[in-house]
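Please read through the structure below; I'll follow up with questions.
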Amino acid sequence: MDQHSERANDPQVAETEDERKRSAAARLFDIRRVIGGLFVVYGVIVGLVGLFDSAAEIDKAQGVRINLWAGLAMLAFGLFMLAWQWLRPVVPPSAEEAREV
Amino acid sequence: MDGAGLRLNMNVLDYGILALYFVTVLGVGFAARRAIRTSVDFFLSGRSLPAWVTGLAFVSANLGALEIIGMAANGAQYGIMTVHYYWIGAVPAMIFLGIVMMPFYYGSRVRSVPEYLRLRFNRPTHLLNAISFAVAQVLIAGVNLYALALIMQALLGWPLWLAIIVGAVIVLAYITVGGLSGAIYNEVLQFFVIVAGLVPITVIGLVKVGGWSGLMDSVRDSKLGEAGLHAWEGTGSTANPLGAHWLGIVFGLGFVLSFGYWTTNFAEVQRALSAKNMSAARRTPIIAAYPKLVIPAVTVIPGLIALVTVKGLGAESGDLVYNNAIPLLMRDLLPNGVLGIAVTGLVASFMAGMAANVSGFNTVFTYDIWQAYVRKERSDEYYIRIGRIATVGGVVVGIGTAFIAAGFSNIMNYIQALFSLFNAPLFATFIIGMFWKRMSALAGFWSLLAGTLAALATYLLYKAGVVHFNSDLEESFWGAGIAFVTVAVVAAVVTPLTRPKRAEELQGLVYGMGGVDLKGDVLAGDQVWWRSPVLLGAIALVLAVLFYIPVF
C-alpha cells in the first residue's frame with residue numbers, strides 16, 4: 001500500500017518497500033485447498049481402517065472406535081475447509097475497494 | 001505398561017500417513033515459490049496474508065514439540081498449575097502485542113524486530129540484538145532437531161543421524177524454496193495436524209480414567225494429591241507443586257517472562273509482520289490467543305492422564321521420565337491409524353518449531369547483519385539469494401548443533417535457558433523505548449547490555465551455588481525481574497546525560513509522536529465489529545479469567 005512509503009524514513013526500509021510494487025504475493029495459492037485435501041484423504045484412510053478395526057484394536061482404545069470417529073471428524077473438517085474455500089474464494093482487493101471503507 | 005521400551009507398533013498404514021505428510025509439506029514449499037519475486041515476498045510473504053493464516057502460524061511457531069512434550073510433562077509433574085503457562089503466562093502478552101505494540105512494529109514498516117531497535121536507538125543496539133538473536137535461533141533450531149531425532153529413535157527406531165538429516169532436509173527444502181510463505185503455510189497445516197494427533201490421545205485417555213470426574217478422583221489419589229487440581233489455591237506460600245508464590249506467577253511469569261518472550265521474539269513477531277494490513281497484523285497474536293487458551297486441554301490433561309495410568313511415571317531416567325508422558329500414552333492407547341496421525345502430529349510440531357527458528361534467522365541475517373553491515377545497496381534479488389544461502393547455512397549449523405547436543409544434552413539445555421534470559425532485558429528496553437520518547441540512543445544500548453549481563457550474572461551465580469533459589473523456575477522469575485529493573489535504572493541514569501533523538505526520527509516508532517496510522521490501509525470488511533482487535537483481545541482475556549474458575 002503506497003501511502004506507507006513516505007513514512008519509512010530509513011533508506012533500506014524505503015528501498016524494500018519500493019520493491020514491493022513488483023511483488024508476486026498475489027500469486028500465492030490458497031492454503032485452505034491443501035489443508036482440506038490432506039484432511040479429506042486422512043479422514044477417508046483412517047475412517048476406512050476404523051470400519052474394519054478388529055476387537056483387539058478397539059480394546060486397545062478402551063472400547064472406542066477411535067479410528068472411525070477420528071476419520072469422520074477429519075473428513076468433516078477437510079470438507080469444511082474445501083467448502084469454505086469454494087464459497088469464499090480470496091479476492092485480491094482492488095484499489096477502490098481499499099479506499100471505499 | 002511395564003515401560004519396556006517406547007517403540008511404537010507402526011505399520012505400513014501409519015508410515016503411509018507420515019509419508020503423505022512429508023510430501024504435502026514439500027509440495028507446499030515448492031508451490032509457494034511462484035509467489036516470490038521480491039525480498040519482502042521471500043522474508044515476509046509480501047505482507048499479504050490474511051489474519052487467520054498468520055494467527056495460526058503465530059501459535060504454531062510456538063507449538064514446537066518441546067513445548068507439547070514439555071507441557072504434558074509439566075502437567076504430570078505439577079498438575080493443573082501448568083495452565084499458568086497458558087492463561088496468565090501467554091494470553092495477556094499476546095493481547096498486549098496485538099493491541100499496543102503492533103501499531104509500532106507494523107506501522108513503521110520495519111522488516112524485523114532488531115530493525116526496530118536500529119531505527120529507535122542506534123546501530124550498536126541493533127547489532128547486539130541481531131547477533132544474539134541469530135545465534136540463539138540457530139542453536140535452538142539444533143536443539144529442536146536433536147529432540148526430534150531422539151523421539152524418532154525412541155518411537156520408530158530410526159538411527160539418530162538419519163532422523164536429524166531427514167528432519168533438517170525437509171525444513172531446509174521448503175523454506176529455501178518457498179520462503180516465509182512456505183514456512184507459514186506449513187505452520188497452519190501443522191497446527192491442524194498437531195491437534196488431530198493430540199485429540200484422540202486425550203479422548204481415549206479420558207474414557208480410560210472415567211471422564212473428567214474420574215480423572216480428578218485419580219489425581220487426588222496420586223502423588224500430586226488435591227494440590228494437583230488447583231491453579232491458585234496454595235499459592236499464598238511456595239508450598240505447592242510448582243513451588244511458586246502468586247506474586248511470582250503474576251509478575252514473574254505473567255509479566256516479565258511472558259511479555260519478554262511473546263512481544264520481542266522475532267520468530268513470533270515475523271508472522272504478524274507478514275499480515276496483509278494493520279488490522280490483520282494486530283489481530284494475528286490475538287487470534288493466536290484463542291487456540292492458546294484451549295491447548296492445555298490436549299497437553300496438560302494428557303499429562304495428568306499419564307500420571308494416573310502409567311505406573312512409575314516420574315522416574316529420574318529411563319523410559320518413565322515425565323517427558324515421555326505423551327509418547328507413553330500413544331504407545332498404550334492408540335491403534336494403528338490414529339497412531340500414524342499422532343506420530344505425524346509430533347513430527348509436525350518439531351518441524352513447526354524449527355522452521356520458525358530458521359525463517360526468523362534467515363531474515364535477521366540478511367536484513368540486519370548482511371544488508372546493514374556487510375553488503376549495502378545491492379539489488380533486491382541479491383538479498384533473496386543471500387536469504388536462501390543463509391537458510392542453508394543456518395540449517396547446516398543447526399545440524400552441527402544437533403550432533404553436538406547428542407554428546408552434551410545437558411549443556412544444550414543450559415544454552416537454551418541462557419538465551420531465554422535475553423528476552424526480559426530486551427522487552428524492558430522495548431517497552432521503555434516505545435513509551436518514553438526522551439530515552440536516548442546510547443541509553444538504549446547500555447540498558448540492553450546491562451540488563452542482559454544482570455540476567456546472565458543471576459543465572460550463573462545460581463548455577464554456581466552462590467545465590468539460592470527454591471527452583472529453576474523461581475530463578476528465572478527473579479533473574480527476569482532483576483534484568484527488568486536494571487534496564488529501567490540504566491535508562492533513567494544514562495538518558496539525562498546523553499543527547500535525545502530528534503522528534504522526526506521517532507515518528508511511527510514511539511507512543512505519542514504521531515506517524516502511526518491504524519486505519520490507513522484498511523480493507524473492506526475490516527470494519528465489522530467482530531474484527532476489532534480490542535474487542536477480540538478483551539474477549540480472550542475474559543475467557544482466560546473464566547477458565548480459571550473451575551480449577552481455582
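Readers should treat all values here as calculations from the given coordinates under stated rules, not as data from a laboratory. The structure presented is a predicted model; accordingly, all values stated were derived computationally and were not measured. Methodologically, a virtual Cβ is constructed for each residue, glycine included, from the backbone with ideal geometry; neighbour enumeration extends over all protein chains shown.
Please report the relative contact order for the stretch A:35-89, taking Cα pairs under 8 Å with a sequence separation of at least 6, and give it as a percent rounded to a whole number.
52
Dipole size in debye (nearest 20) for the stretch B:281-356 around its Cα centre, Lys and Arg Cβ +1, Asp and Glu Cβ -1?
400
In addition: Go through the stretch B:429-485 and name the trypsin sites (Lys or Arg not before Pro) that are in a DSSP coil and have 13 or fewer other Cβ atoms within 10 Å of their Cβ.
Listed in order of number, the matching sites are B:ARG438.
What percent do you get for the relative contact order of chain B when only Cα pairs under 8 Å and 6+ apart count?
Contact order relative to length: 30 percent.
Dipole of chain B, Cα-centred, from +1 at each Lys and Arg C-beta and -1 at each Asp and Glu C-beta, to the nearest 20 debye?
Using Cβ point charges on Lys, Arg, Asp and Glu, chain B gives about 1620 debye.
Follow-up. At most 15 other Cβ atoms within 10 Å plus a DSSP loop assignment makes a site exposed; report the longest stretch of chain B without any exposed GluC sites (Glu not before Pro).
For GluC sites (Glu not before Pro) (loop position, at most 15 other Cβ atoms within 10 Å), the longest site-free span of chain B is B:1-232.
Let me ask another. How would you classify the stretch B:249-320 from its alpha-carbon gyration tensor, with a ≥ b ≥ c the square roots of the eigenvalues: rounded for a/c under 1.5, else prolate if a/b is greater than b/c, otherwise oblate?
prolate
What Rg and what Dmax come out for the stretch B:447-552 when only alpha-carbon atoms are used, in angstroms?
Just the Cα atoms of the stretch B:447-552 yield Rg and Dmax of 21.4, 60 Å.
Continuing with the same structure: So if we plug the beta-carbon distance of B:TRP212 and B:LEU453 into 1/(1 + (r/R0)^6) with R0 = 35 Å, what FRET efficiency do we get, rounded to 0.05?
Efficiency for this residue pair is about 0.15.
To continue, here is another question. Whole Å is fine, so just give me how far the alpha carbon centre of the stretch B:158-193 lies from that of the stretch B:195-269.
Cα centres, the stretch B:158-193 to the stretch B:195-269: 30 Å.
To continue, here is another question. What lysines does B:LYS501 reach when the alpha-carbon gap must be under 19 Å and sequence neighbours fewer than 8 apart in one chain are set aside?
Result set, ordered by chain and number: B:LYS437.
Normalised radius of gyration for the protein assembly as shown, please: alpha carbon Rg relative to 2.2 N^0.38 Å, two decimal places.
0.93
Any idea what the relative contact order of the stretch B:400-552 is, in percent, if you count C-alpha pairs under 8 Å spaced at least 6 apart?
RCO, the stretch B:400-552: 25 percent.
Could I ask something else about it? Looking at B:ALA464, B:ILE151, B:VAL138, which one has the Cα that reaches farthest to the positive end of the dipole of the protein assembly as shown (charges on Cβ: Lys, Arg +1; Asp, Glu -1)?
Value: B:VAL138.
Further question on the same structure: Calculate the mean, over all residues of peptide A:54-66, of how many other protein chain Cβ atoms lie within 10 angstrom of the residue's Cβ.
Counting Cβ atoms of other protein chains within 10 Å of each residue's Cβ and averaging gives 5.
In the stretch B:333-474, what is the volume of the convex hull around the alpha carbon atoms, normalised per residue and reported in Å³?
Spread over its residues, the Cα hull of the stretch B:333-474 gives 222 Å³ apiece.
What is the order of B:VAL138, B:VAL494, B:VAL364, fewest Cβ neighbours within 10 Å to most?
Final ranking by Cβ density, sparse to dense: B:VAL494, B:VAL138, B:VAL364.
Using only the alpha-carbon atoms, how far is helix B:160-209 inclined from the longest principal axis of chain B? Give it as 0 to 90 degrees, nearest 10.
40
Got a sec? How would B:LYS223, B:LYS501, B:LYS311 order by Cβ neighbour count within 10 Å, fewest to most?
B:LYS311, B:LYS223, B:LYS501
Please identify the chymotrypsin sites (Phe, Trp or Tyr not before Pro) of the stretch A:1-89 that satisfy two criteria: DSSP loop assignment and at most 11 other Cβ atoms within 10 Å. Which are they?
Answer in residue order: A:PHE52.
For helix B:65-78, report the angle its Cα long axis makes with the longest principal axis of the Cα atoms of chain B; keep it between 0 and 90° and round to the nearest 10°.
60
Apply the Karplus parameterisation 6.51 cos²θ - 1.76 cosθ + 1.60, with θ equal to phi minus 60°, to every residue of the stretch B:540-551 and state each ³J(HN,Hα) to the nearest whole Hz, in sequence, with x for glycine and proline.
Per residue, the Karplus-derived 3J(HN,Hα) values read 4, 5, 4, 4, 4, 5, 4, 4, 6, 4, x, 10 Hz.
So, with +1 on the Cβ of K and R and -1 on the Cβ of D and E, and no other charges, what is the size of the charge dipole of the protein assembly as shown about its Cα centre, to the nearest 20 debye?
In debye, rounded to 20, the protein assembly as shown gives about 1200.
Just the number: Rg to Rh for the stretch A:35-89, Cα atoms, Kirkwood Rh, two decimals.
Value, to two decimals: 1.15.
Quick one: A:VAL46, B:VAL110, B:VAL135, fewest Cβ neighbours within 10 Å first, how do they rank?
With the fewest neighbours first, A:VAL46, B:VAL110, B:VAL135 line up as B:VAL135, B:VAL110, A:VAL46.
Related question: Suppose the Debye formula is applied to equal point scatterers at every Cα of chain B; what is log10 I(q)/I(0) at q = 0.06 Å⁻¹?
Summing over Cα pairs of chain B leads to -0.28.
Evaluate E = 1/(1 + (r/R0)^6) for B:ASN11 and B:VAL321, where r is the Cβ-Cβ distance and R0 equals 35 Å; express this FRET efficiency to the nearest 0.05.
Result of the calculation: an efficiency of 0.85.
Quick one: Debye curve from the alpha-carbon atoms of the stretch B:1-105 only, equal weights, vacuum; give me log10 I(q)/I(0) at q = 0.24 Å⁻¹ to two decimals.
-1.30
Put +1 on the Cβ of every Lys and Arg and -1 on every Asp and Glu Cβ in the stretch B:12-549; which of B:LEU18, B:ASN240, B:TYR290 then has its Cα farthest towards the positive end of the dipole?
Farthest towards the positive pole: B:TYR290.
I would also like to ask the following. Round to the nearest 10 and give me the degree value, 0 to 90, for the angle of helix B:472-494's Cα axis relative to the longest principal axis of chain B.
The angle comes out near 10 degrees.
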